[in-house]
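Enquirer: What follows is a single structure, and I will ask about it in a moment.
The values are calculated or read from the model by the stated rules, or taken from the named source; none is laboratory data. This structure is a prediction, so every number in the text was calculated from the model and none was measured. As a convention, Cβ positions derive from the backbone with ideal geometry for all residues, glycine included, and neighbour counts pool all protein chains shown.
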Amino acid sequence: MPIRYMRISRHRRLAWIASAIACGLSLLGLALCWLNPAIASPLKPGLDFTGGTQIQVERSCQNTCAELSVSQLQQRLGDLSLPPVPGETSPNLSSSSVQVLDGGRSLLLRLPALSADQSTALIEELTPVTGPLKTSATSINTIGPTLGSRLLQGSIVSLLVSFAAIAVYISFMYNGVFAFLALLCLAHDVLITCGVFAWLGLLQGIEVDSLFAVSLITVAGYSVTDTVVIYDRIREQRKLLADLPLMDQVDVAVDATLTRSLYTSLTTLLPLFGLLFFGGSSLFWFAVALIVGIAVGSWSSIGLAPTLLPVLSRR
């Protein structure tokens with residue numbers, strides 16, 4: 001009786017085209033961010049990496065807040081003259097970033113590095129435009145440019161070290177073709193995750209911070225783990241089904257691990273959606289990065305790495 005299994009290899013060209021389109025759009029987004037004078041980097045860096053002061057205030061409204069536009073706030077900031085810190089010039093607020101959140105109830109201001117007295121004075125000067133503010137809901141975070149630079153360097157180094165460790169482990173455990181494809185899928189998953197945030201930075205002004213670097217490391221570990229599980233099953237099938245072509249062996253292995261991969265991805269995504277909806281604004285984009293990365297990692301482990309293996313093995 002012939003063995004019945006899902007033949008993923010029959011649809012490999014569709015899988016390759018889908019991944020190629022996603023990678024191309026990601027590279028385009030990264031390039032556009034780099035060429036954008038307001039960003040000038042592949043991703044829009046957040047306060048953690050550039051330094052500065054971030055102020056979030058909440059307006060005291062009953063049912064609805066009076067309409068308030070970003071241009072009004074930016075004009076008000078441009079007209080302000082804060083008291084300078086002794087030995088320093090007064091900060092220029094004309095290029096500050098302003099976001100109006102929650103239907104005008106919350107305001108998020110991205111400013112040059114300010115002292116505590118300057119931050120307090122700025123909030124007081126904004127009150128005539130914004131109306132009464134909730135003092136208990138005011139949040140002020142300041143990171144110096146030196147610390148921001150160190151955080152950026154530390155994040156890049158941690159990413160490179162983790163990727164290098166994964167590369168060494170995969171190369172030691174598997175032969176060259178297996179290791180190359182696992183690292184290719186790793187690069188594929190990280191690239192698409194970064195590409196999504198590049199477009200978010202261009203279209204919505206979304207910034208990346210140190211939590212985004214943590215999410216990339218997590219995505220890399222998940223992607224390699226999922227791929228290794230399928231590779232282990234392929235090695236088993238190469239011994240049990242030695243009389244079948246490698247393409248059929250791969251199809252049997254993917255079919256045997258498909259349910260496990262889907263269940264693992266689903267159980268991982270469920271708490272992340274909980275974090276997305278109920279984790280608050282500080283963890284929202286961290287959850288988005290993990291959801292995108294894990295979804296793409298599951299796809300590459302099932303539709304990309306196994307389907308490329310017979311092609312590269314023949315060569």
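Enquirer: Taking residue 233 as meeting all but one of (1) over 23 Å from the mean Cα position of the chain (by Cα); (2) modelled with pLDDT of 90 or more, write down the number of the exception.
Expert: Going through (1) over 23 Å from the mean Cα position of the chain (by Cα); (2) modelled with pLDDT of 90 or more one by one, residue 233 breaks only (2).
Enquirer: Residue 63: modelled with pLDDT under 80, within 26 Å of residue 38 (Cα to Cα) and not assigned by TED's automatic domain parsing to the domain that holds residue 205, yes or no?
Expert: no
Enquirer: Taking the condition over 14 Å from residue 128 (Cα atoms) and of a type in the set (Lys, Arg), does residue 76 pass?
Expert: Here the answer is no, as residue 76 does not meet what is asked.
Enquirer: Among the residues of segment 27-73, write down those that are under 21 Å from residue 135 (Cβ atoms) and either in a helix (DSSP H, G or I) or charged (D, E, K, R) (or both).
Expert: The answer is 58, 59, 73.
Enquirer: Just give me the residues in segment 116-149 being modelled with pLDDT of 80 or more, part of a loop (DSSP other than H, G, I, E, B) and either closer than 27 Å to residue 45 by Cβ or under 32 Å from the mean Cα position of the chain (by Cα) (or both), in sequence order.
Expert: Matches in segment 116-149: 134, 138.
Enquirer: Confirm whether residue 70 is hydrophobic (A, V, I, L, M, F, W, C), touching a residue at least 24 places away in the same chain (Cβ under 8 Å), outside the structural domain of residue 37 (by TED's automatic domain parsing) and crowded, with 16+ Cβ neighbours inside 10 Å.
Expert: Answer is no for this residue.
Enquirer: Further question: Among the residues of segment 279-288, is there at least one that is out of contact with any Ser or Thr (no Cβ under 7 Å at 6 or more places or on another chain), under 25 Å from residue 308 (Cα atoms), outside the structural domain of residue 107 (by TED's automatic domain parsing) and part of a helix (DSSP H, G or I)?
Expert: Checked against the condition, which is being out of contact with any Ser or Thr (no Cβ under 7 Å at 6 or more places or on another chain), under 25 Å from residue 308 (Cα atoms), outside the structural domain of residue 107 (by TED's automatic domain parsing) and part of a helix (DSSP H, G or I), segment 279-288 yields no hits at all.
Enquirer: Do you know which of the residues in segment 78-114 that are farther than 21 Å from residue 59 by Cβ and in contact (Cβ under 8 Å) with a residue 40 or more places away in the chain is surrounded by the most Cβ atoms within 10 Å (Cβ to Cβ)?
Expert: This residue is 82.
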